[in-house]
Amino acid sequence: MDEPLISASLVFRGDGTPYSPRHDDIYHSAAGALAQARHVFIEGNGLPERWRGKSCFSVIETGFGMGINFLATWAAWRNDAYRTATLDFVSIEKHPFSANDLRAAHAAIIDDRAVAPLADSLAAAWPPLEPGLHRLAFDAGAVTLTLALGDAAQLLPRLADHGVAADAIYLDGFAPAKNPDMWTPAIFASLARIARHDTTFATYTSAGSVKRALMQNGFAYRKVAGFGGKRAMLVGKRSFHGAS
């Protein structure tokens, strides 16, 4: 039986950056949430170019947080004249915000007129905070968000067993040193099961443990410039030279 969810607390540091007391870490760089999402996850996965020519594109994310990566991806998809017919986004979150806290967080950090109405739509569709899978549909069903609420170690194998497959992986979920449960070998093994032959990934971290786990599970990585003063982050793709 799934354990009851414990919601996240909405806390801001003195500079206005959302902060997690549970993990003693920030949700995004002080340089900007949307800018970070675009640099790390959208550009890091080669979007929007990689979804062009496909009928559907699927993203798997570890760590939904405030939904900024989803909102930035949805906005990029909307803004692309050559976008896919559908966009499927699946994201895992063990400690989701309440709908009211999500609205408050978005009001404080989203200053993009194209993204603000999407954030309103997300908050309006926000599901009850109950463990399991919650499927939300937007843009007349062309965009779907599956919120997997609960422990990633339990949910990722379940998603893999149900045939979920990713074209892109967003490795988020706080720093490995702050939230090690999201960066275990088992998590990477499950992601390898979900990955297609040409799946890409991106993450803001460049920790040695993450590099080793990627290689051990069939992903090739390279270091690129990080965001907001961070020296390096990792991007890469599925590689058949590693483990499957």
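Taking Arg83 as meeting all but one of (1) among the basic types (Lys, Arg); (2) farther than 25 Å from Lys237 by Cβ; (3) not in a strand (DSSP E or B), write down the number of the exception.
Against the list (1) among the basic types (Lys, Arg); (2) farther than 25 Å from Lys237 by Cβ; (3) not in a strand (DSSP E or B), Arg83 comes up short only on (2).
Just to be sure, is Phe64 of a type in the set (Phe, Trp, Tyr), assigned to a loop (DSSP other than H, G, I, E, B) and more than 13 Å from the chain's Cα centre (by Cα)?
Values: of a type in the set (Phe, Trp, Tyr): yes; assigned to a loop (DSSP other than H, G, I, E, B): yes; more than 13 Å from the chain's Cα centre (by Cα): no.
No, not satisfied.
Given Leu87, Leu102, which one is touching a helix residue (DSSP H, G or I) at 6+ places or on another chain (Cβ under 7 Å), of a type outside the set (Lys, Arg), over 27 Å from Phe188 (Cα atoms) and without any contact (Cβ under 8 Å) to a residue 60 or more places away in the chain?
Checking each option against the conditions leaves just Leu102.
Which of the strands (runs of 3 or more DSSP E) contained wholly in the range 114-192 include at least 3 residues that are β-branched (Val, Ile, Thr)?
So the answer is 143-149.
Suppose the filter is in contact with a strand residue (DSSP E or B) (Cβ under 8 Å, 6 or more places away or on another chain) and part of a helix (DSSP H, G or I); does Asn45 pass it?
Against the criterion (in contact with a strand residue (DSSP E or B) (Cβ under 8 Å, 6 or more places away or on another chain) and part of a helix (DSSP H, G or I)), Asn45 does not qualify.
Does Pro180 satisfy the condition of being free of Cβ contacts under 8 Å to residues at least 12 places away in the same chain and more than 26 Å from Leu191 (Cα to Cα)?
Criteria not met by Pro180.
Name the residues in the range 19-42 that are within 16 Å of the chain's Cα centre (by Cα) and either at pLDDT 95 or above or outside any loop (DSSP other than H, G, I, E, B) (or both), would you?
Of everything in the range 19-42, those that are within 16 Å of the chain's Cα centre (by Cα) and either at pLDDT 95 or above or outside any loop (DSSP other than H, G, I, E, B) (or both) turn out to be Ile26, Ala33, Leu34, Ala35, Gln36, Ala37, Arg38, His39, Val40, Phe41, Ile42.
Go through the residues of the range 109-122 one by one and say whether even a single one is in contact with a helix residue (DSSP H, G or I) (Cβ under 7 Å, 6 or more places away or on another chain) and closer than 21 Å to Leu214 by Cα.
No: zero hits.
Could you list, ordered by first residue, the pairs with Cβ atoms under 8 Å in which the first is in the range 153-177 and closer than 24 Å to Ile42 by Cα and the second is among the charged types (D, E, K, R) and buried (at least 21 other Cβ atoms within 10 Å of the Cβ), at least 6 apart or interchain?
Once the first residue is closer than 24 Å to Ile42 by Cα and sits in the range 153-177, its partners that are among the charged types (D, E, K, R) and buried (at least 21 other Cβ atoms within 10 Å of the Cβ) give Ile169/Glu61; Tyr170/Glu61; Asp172/Glu61.
Of the conditions (1) within 19 Å of Pro157 (Cα to Cα); (2) in contact with a Gly (Cβ under 8 Å, 6 or more places away or on another chain); (3) in a strand (DSSP E or B), Arg196 satisfies every one except a single condition; which number is it?
(2)
Which residue, of Arg135, Arg78, Arg103, is modelled with pLDDT of 95 or more, closer than 24 Å to Ala195 by Cβ and of a type in the set (Lys, Arg)?
Arg135
Which one of these is at pLDDT 95 or above and within 17 Å of the chain's Cα centre (by Cα): Ala168, Ala125?
Matching residue, one of Ala168, Ala125: Ala168.
The values are calculated or read from the model by the stated rules, or taken from the named source; none is laboratory data. Just so it is clear, the model here is predicted, and its values are computed rather than measured. With ideal geometry, Cβ positions are generated from the backbone for all residues, glycine too; neighbour counts draw on all protein chains shown.
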